[in-house]
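These notes are about the structure you will find just below.
Since every read-out is calculated from the coordinates, none of them should be taken as a lab result. This is a predicted model, so every value here is computed, not measured. Here the Cβ positions follow ideal geometry from the backbone for every residue, glycine too, while neighbour counts run over all protein chains shown.
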Amino acid sequence: MAIHRMDNVLIVVEDLDAVIAFFVELGMELEGRGPLDWPGAERVIGLQDVRQDVAMLRVPNGQGRVELAKFHRPKAVAPEPAHAPANTLGLRRVMFAVDDIEDVVARLRTLGAELVGEIVRYENVYRLCYVRGPEDIVVGLAEELG
C-alpha cells in the first residue's frame, strides 16, 4: 500500500490567533505553534527567503491534523474571488464529524462564524452543514444519526 494515512491539511492564514481559536472551539487540540526555522522548508515548498509561523492542531482521537501557516515573507497571495462559492475549483472545505451539530454551530457563531446555507438532513444518515469561519475558511460538519 502506498498511502498509510492523511497526515494534515495546510491552510495559509493572515490572523493565526483567530484561526487557532476557531479550530480549538470546533474541538481540535493545539499540538504546537511557533516559527518554522527548518531551512529545508524552502526547498520543499519552492519559495526562497521564507519566514513563517506555523501551528499544528489535531483531532482529539489523533486521526487527523490541520496545519496553519502565517507567511511573513514572502507575503501570502489572496485568492480570487475573496468569498469563493462551493463550485470554485480547488480545495473548498474540510469536513469534520461532530456529536452535536447545533452545539458546534452555536459555539462557532460566538467567534463570528456563519452558516453558508443551512443545516440539512441527508436521509436517516447525517445532519450536514457548511460553516464559514475567519478568513473565509469553510468547514463542513456532519452529525451521524442513529
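Remarks
- Region 94-144, Rg to Rh (Cα coordinates; Rh as Kirkwood inverse mean 1/r): 0.95
- Computed over neighbours whose Cβ is under 12 Å from that of Glu135, the net charge equals -2, Lys and Arg +1, Asp and Glu -1.
- Computed E for Ala142/Val12 - FRET, C-beta separation, R0 25 angstrom, nearest 0.05: 0.50
- Averaging the sequence gap over all C-alpha pairs within less than 8 Å and six or more residues apart, then dividing by the number of residues, gives region 94-144 a relative contact order of 44 percent.
- Trypsin sites (Lys or Arg not before Pro) lying in DSSP loop within region 2-76, provided at most 10 other Cβ fall within 10 Å: Arg5, Lys75
- Most mobile listed residue (Gly46, Gly64, Gly133) in the chain, GNM with C-alpha springs under 10 Å: Gly46
- Percent antiparallel among DSSP beta bridges (both partners in the chain, rounded to 5): 75
- Dimensionless Rg over Rh [the chain; C-alpha; Kirkwood]: 0.98
- Per-peptide packing, taken as the mean over residues of other Cβ atoms within 10 Å, places 136-144, 24-32 in the sequence 136-144, 24-32 from highest down.
- Here the simple spin-label model places points 7 Å from the Cα toward Cβ, and for Ala2 and Arg93 these points are separated by 2.9 nm.
- For Val125, the shell of other residues with beta-carbons less than 14 Å away shows a net charge of -1, using +1 for Lys and Arg and -1 for Asp and Glu.
- Calculated FRET efficiency for the pair Arg33/Tyr122, C-beta based, R₀ 35 Å, to 0.05: 0.45
- Per-pair calculated FRET efficiency, R0 = 22 Å: Glu25 and Arg73 via Cβ, rounded to 0.05: 0.15
- Summed residue charge, Cβ within 14 Å of Asn61's Cβ, Lys/Arg positive, Asp/Glu negative: 0
- Measure of compaction for region 9-73 (Cα Rg per 2.2 N^0.38 Å): 1.14
- Listed values for region 14-23 are Karplus-derived 3J(HN,Hα) couplings in whole Hz (6.51 cos²θ - 1.76 cosθ + 1.60, θ = phi - 60°), namely 9, 9, 4, 4, 5, 6, 4, 4, 4, 5, and x replaces Gly and Pro.
- Evaluating 6.51 cos²θ - 1.76 cosθ + 1.60 at θ = phi - 60° for every residue in region 127-140, the Karplus couplings come out as 10, 10, 6, 10, 10, 9, x, x, 6, 6, 6, 10, 10, x Hz, glycine and proline recorded as x.
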